[in-house]
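The values are calculated or read from the model by the stated rules, or taken from the named source; none is laboratory data. What you see is a predicted model, and the numbers here were worked out from it, not measured in a lab. Note that each Cβ is placed from the backbone with ideal geometry, even for glycine, and that neighbours are counted across all protein chains shown. Ligands, DNA and RNA are excluded from the accessible area calculation, which covers all protein heavy atoms including side chains. Shrake-Rupley method; radii C 1.70, N 1.55, O 1.52, S 1.80 Å.
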Amino acid sequence: MSGLALRAAASVRSPRGRAPEGVPAALDYFRDLLTPFGEKPDEELLSRGPHVHHRDLVDLLVADEGVGRSRPELAIVTHALPDVVPFTAVAPHLTERLGGRAVNFAIGQQGLAAPFTALRIASAYQRSGRAAEVVITVLEQTTLPTPFPLPLPDETPLTDSAAALVLGASTGEGPAFVRAHAAGSAAAALGRELGEDRKGGADGTLLVLGPWVSEDVPDHGAVHRVAPGSYCTSLWLELADHWQEWQRDHRRIVLCDTDPRSGRSHVALFANADAAAATAA
């Protein structure tokens with residue numbers, strides 16, 4: 001059975017928020033959550049945020065024609081930061097907007113690893129015959145009850161953003177997902193992928209580095225560095241915006257970012273049909 005390939009994608013950046021709603025109830029929840037850890041919610045911080053809900057981000061992604069016409073058997077919502085309103089079930093909402101038949105769930109509390117995990121799950125579902133088409137969304141909203149402990153939060157503010165990937169059986173037209181894995185450093189995570197590159201430059205592998213990769217990585221000619229402004233969506237926003245041109249100009253696309261909280265680096269490999277067949281594990 002052929003693997004999954006990218007068929008469509010969409011991105012959303014800095015959408016309009018909504019007026020704060022349900023803040024008192026949310027504050028009660030956050031007090032209960034944070035008090036055992038010696039913290040308390042910041043009411044002013046919570047009130048002045050953009051208040052872009054995960055559901056809002058999903059609706060904007062589905063408004064894209066390529067995503068909206070998908071009828072997946074599997075829908076996965078991923079995020080590294082929590083929703084504005086606790087206990088909202090966003091994956092069923094995504095499924096309802098896309099035909100209503102998909103198995104659906106969310107992946108959180110993994111930091112920026114969540115989308116990489118989603119790709120591995122999607123691939124396993126497709127290989128087992130349980131999902132011919134999959135939609136993965138990566139959501140990030142920034143209205144939080146406490147300052148989030150990322151490096152340099154003032155110098156590198158986060159923005160509300162989201163990306164969606166529509167993946168289906170590979171027909172040779174879109175870049176195929178080959179694998180995703182992690183290691184203790186970017187250099188270690190990238191060693192396998194860049195070591196398999198046989199051409200380099202424009203005809204070989206494009207290395208896409210997320211904003212949290214700060215260490216030196218193996219020398220490579222074709223590199224795209226993603227600007228700061230996101231915790232977990234950065235790579236996927238760029239992939240959604242550029243996958244067609246990247247596929248045209250490169251045989252392999254290697255996405256890499258390092259979680260600033262755990263220090264672990266994560267890599268995903270997409271490749272054209274001939275390169276995917278040569279490099280698939």
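Once every DSSP H run of n ≥ 4 in the chain is given -39500 (n - 2.57) and the sum is divided by its residues, what mean residue ellipticity at 222 nm do you get, rounded to the nearest 500 deg cm²/dmol? Write out the running numbers ahead of the final one.
Details: 9 runs with 86 residues, N = 281.
Calculated at 222 nm, the ellipticity per residue is -9000 deg cm²/dmol.
Could you provide, to the nearest whole Å², the per residue accessible area of the chain with probe 1.4 Å?
Details: 12500 Å² over 281 residues.
It amounts to 44 Å² per residue over the chain.
Fully extended, how many nm does the chain gain between Glu173 and Arg225 (0.36 nm per residue separation, minus their Cα-Cα distance)?
Numbers: separation 52, 0.36 × 52 = 18.72 nm, distance 2.53 nm.
Length gained, Glu173 through Arg225: 16.2 nm.
Amide H neighbours of Asn104 under 5 Å, at least 5 residues apart or on other chains, H built in the peptide plane: list them.
The list, which skips near neighbours in sequence, is Ala75.
Looking at the chain, which longest stretch skips every one of the GluC sites (Glu not before Pro) that is in a DSSP loop with at most 14 other Cβ atoms within 10 Å, leaving the sites themselves out? Numbers along the way, then the final one.
On the way: sites that count: Glu21, Glu39, Glu155, Glu173, Glu215.
It runs 40-154.
Rank Phe116, Phe148, Phe270 by mean-square fluctuation in a GNM of the chain with C-alpha springs under 10 angstrom and give only the top-ranked residue.
Checking each option, the largest mean-square fluctuation is seen for Phe148.
Please list, ordered by chain and number, the residues whose modelled amide H lies under 5 Å from the amide H of Val213; skip anything fewer than 5 residues away on the same chain.
Close amide H contacts, sequence-distant or interchain: Thr258.
Kyte-Doolittle cut-off 0.0, length cut-off 15 Å along the helix's own axis using Cα: show which whole DSSP H helices in the chain pass.
On the way: long enough: 23-34 (16 Å, 0.63); 114-127 (20 Å, 0.10); 234-249 (21 Å, -1.19).
Both cut-offs are met by 23-34, 114-127.
Once you keep just the Cα pairs under 8 angstrom separated by 6 or more residues, what percentage relative contact order results for the chain? Intermediate values should be presented prior to the final figure.
Values: 625 pairs, mean separation 65.4, N = 281.
Rounded, it is 23 percent for the chain.
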